[in-house]
Amino acid sequence: MDYQKILNTIHEDTSYHNAIGKVASYIPELAKVDPKKFGMHLYCRNSGHYSFGDSQEKFSIQSISKVFTLTMAMQILGESLWERVDVEPSGDPFNSLTQLEYEQGVPRNPFINAGALVIADILVSNLDDPKNDLLEFVRKLSGNNEINYDLKVAESEKSTGYRNYGLVNYMKALGNIKNDVEPILDFYFHQCSLTMSCEELAKAFMLFANEGKLLGTEEKIISKERVKRINALMQTCGFYDEAGEFSFEVGLPGKSGVGGGIVAIHPSQFSVAVWSPILNPKGNSELGMAALEKLTTLTGFSIF
Ligand code: DON
């Protein structure tokens, strides 16, 4: 498979000029990002890595971080995690509050904001320094110690994060949040502010394409059984109320963020990250989805 040739074709055929969406603006700091940025990086399980465009430039990974925190929480709590958060697609926007009322404060899945806030609560309960532990975990997965939080982005979201304050307070009222709301939101806003490049993200997500092992050293980080579950959740819930569309167009487990990043994996072939900050109305990268649709069509590698 000539991945570089396929990536070059995707680059040539996916034009910024055809995009109709907008860069995220509800987090003021994200509105400053250049909408023309576009990059992609693919790590193959057997043979090297391939890229185009701004694949080495760092951007705000936002909700992609929810896959890292879920992995940490599964390692800590095992099966009892699922008493606090469900594993069903929500069919609602990522920051919706409505289902919480009639589902007694148990979020539909760990990737909508409500679910990620419960995961944040679990990490705050179980770790002495969750922000530092998350950094160390992500640095280990990507083999790069230069991964950091963007404190301006974290602060910017804190100053406008009314929905997340609403979600966590409401779940606390319903008994599914154990800590004070401030340390949970502080951790959550920091996890979303992690900045990584497509190259770093694709490398870190090889874990989910390589049976829970690091690429290269083959060090075991999580069990195959947990990888299966995380990939299933990415497939069914990774794109919120667009999870069906992503399965339909792309056919891979993946996770998006409002910084314009998307990471997707093929369970035995590759891990791929793409970044274009222009979002569609559901909050997912417009060109990112188009690029991944071309990737699975041209390679024939989707899970379907
Ligand atoms: O909590 C928020 O609204 C953001 N920090 C993350 C949302 C996000 O990335 C949704 N994904 N497409």
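Only one of the numbered conditions (1) part of a loop (DSSP other than H, G, I, E, B); (2) at pLDDT 95 or above is violated by Asn144, and that is (2). Taken over the range 162-194, residues that are within 14 Å of Ser60 (Cβ to Cβ) and either away from the ligand (no atom under 13 Å from the Cβ) or assigned to a loop (DSSP other than H, G, I, E, B) (or both) amount to 1. Considering Ile230, Ile147, the condition of being buried (at least 17 other Cβ atoms within 10 Å of the Cβ), outside the structural domain of Phe94 (by TED's automatic domain parsing) and under 19 Å from Ile61 (Cβ atoms) is satisfied by Ile230 alone.
The set of residues in the range 7-22 being surrounded by fewer than 19 Cβ atoms within 10 Å (Cβ to Cβ) and among the polar types (S, T, N, Q) consists of Asn8, Thr9, Ser15, Asn18. Checking each residue in the range 244-288 for being surrounded by fewer than 24 Cβ atoms within 10 Å (Cβ to Cβ) and within 14 Å of the ligand (Cβ to nearest atom) picks out Glu245, Ile278, Asn280, Pro281, Lys282, Gly283, Glu286.
Taking every residue in the range 248-264 that is touching a residue at least 60 places away in the same chain (Cβ under 8 Å) and in the same structural domain as Leu42 (by TED's automatic domain parsing) and pairing it with any residue that is of a type in the set (Lys, Arg) and more than 15 Å from the ligand (Cβ to nearest atom), at least 6 positions away or on another chain, the pairs with Cβ-Cβ distances below 9 Å are Gly260/Lys37. Taking the criterion of being of a type in the set (A, V, I, L, M, F, W, C) and not in a strand (DSSP E or B), the only residue of the range 253-280 that qualifies is Val258.
Does Pro130 meet the test of being closer than 22 Å to Ala24 by Cβ and either within 16 Å of the ligand (Cβ to nearest atom) or not charged (D, E, K, R) (or both)? The answer is no for Pro130.
The values are calculated or read from the model by the stated rules, or taken from the named source; none is laboratory data. All values derive from a computational prediction rather than experimental measurement. Cβ coordinates were reconstructed from backbone atoms using ideal geometry, including for glycine residues, and neighbour counts include every protein chain displayed.
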